[in-house]
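Asks: Got a structure for you, questions after.
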Amino acid sequence: MMNSNAAEAIRWTREQLSPEQRTWLARLRLVRLIQDFTVVHSTLDQPTSWNYVTNKFDAMANFSYQVTSVCFYGHTHVPRVFVSDNRVHEVPAESIVIEAETKYFINTGAVGQPRDGDWRASYCIYDTDRKTVHFRRIEYDIQTAQAKIIAAGLPEFLAERLAQGR
């Protein structure tokens, strides 16, 4: 069940979108194959259920649906890398080399509202030629972002959490 702060933020966001923008978003596929990797917002096993992948058991369910060696996902706002080689395990979300015969289920983190205790925006760069993924963090103007959240009439909690990375 969605918490009330998230529900309010979603309602506010929908009100900001034009009918054309809503139509464009509605047409997007929930799972997308791009070159030799996959992207999904939540999960591969049930992308319309908006489930979370937070541990290796959640990741196991997704690896069975993964047809490419690399899949990027989000939804939890926490950068993570799950690896399926001879077992499923998590490795640090820093820099990784994509190895043959191995699958990777990679959460890029979040540019907005990271939730791993680090307030900086999180993203990763996938070098398809070198077969490497590098995670990055970048500082941004939290005070301005917080002021905009409050000015929009959204819950103060959403502004406060930016500085905590939670």
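Asks: Mind jotting down the distance between the C-alpha centroids of the stretch 53-126 and the stretch 136-166, whole Å?
Replies: The distance from the Cα centre of the stretch 136-166 to that of the stretch 53-126 comes to 25 Å.
Asks: Put a dot 7 Å past each Cα toward the Cβ at Ile34 and Glu94; how far apart are the dots in nm?
Replies: Spacing of the two 7 Å Cα→Cβ label points: 2.6 nm.
Asks: Could you compute Rg(Cα) / (2.2 N^0.38 Å) for the stretch 91-152, with N its residue count?
Replies: For the stretch 91-152, the normalised Cα radius of gyration is 1.42.
Asks: Using 0.36 nm per residue of separation minus the Cα-Cα distance, give me the extension gain between Glu20 and Asp127 in nm, one decimal.
Replies: 35.2 nm
Asks: Among Val97, Val78, Val88, which one shows the biggest mean-square fluctuation in a GNM of the chain, springs joining Cα atoms closer than 10 Å?
Replies: Looking only at Val97, Val78, Val88, the largest GNM fluctuation is found for Val97.
Asks: Going by alpha carbons, how many degrees (0 to 90, nearest 10) lie between the helix axis of 142-151 and the longest principal axis of the chain?
Replies: For 142-151 against the chain, the angle is about 50 degrees.
Asks: Hey, another quick one. Shape verdict for the stretch 1-55, please, from the Cα gyration tensor: rounded (a/c under 1.5), prolate (a/b greater than b/c) or oblate.
Replies: Oblate shape, in that a/c is at least 1.5 and b/c is the bigger or equal ratio.
Asks: By a straight-distance test (C-alpha under 15 Å), which aspartates and glutamates pair with Lys56 as possible cross-link partners, with residues fewer than eight away in the same chain excluded?
Replies: Asp45, Asp85, Glu90
Asks: Once a ≥ b ≥ c are taken as the square roots of the eigenvalues of the Cα gyration tensor of the stretch 39-115, is the result rounded (a/c under 1.5), prolate (a/b larger than b/c) or oblate (a/b not larger than b/c)?
Replies: oblate
Asks: Please determine, in degrees from 0 to 90 and to the nearest 10, the orientation of helix 4-16 with respect to the longest principal axis defined by the Cα atoms of the chain, where the helix direction is its Cα long axis.
Replies: The answer is roughly 80 degrees.
Asks: Helix-derived [θ] at 222 nm for the chain: sum -39500 (n - 2.57) over DSSP H runs of at least 4, divide by residue count, nearest 500?
Replies: -8500 deg cm²/dmol
Asks: Also, I was wondering about something else. Provide the descending list of Cα extents for the stretch 4-164 along its principal axes, expressed in whole angstroms.
Replies: So the three principal-axis extents are 50, 33, 30 Å.
Asks: Please compute the modelled spin-label separation between Ile142 and Val67, points set 7 Å along Cα→Cβ, answer in nm with one decimal.
Replies: 4.3
Asks: To make sure I understand, if each residue's beta carbon is the centre and we count other beta carbons within 10 Å, what order do Cys71, Cys124 fall in, fewest to most?
Replies: Ranking Cys71, Cys124 by Cβ neighbours within 10 Å, fewest first, gives Cys124, Cys71.
Each value in this text was obtained by applying a stated rule to the coordinates, not by laboratory testing. No experiment lies behind these values; they were computed from the predicted model shown. As a convention, Cβ positions derive from the backbone with ideal geometry for all residues, glycine included, and neighbour counts pool all protein chains shown.
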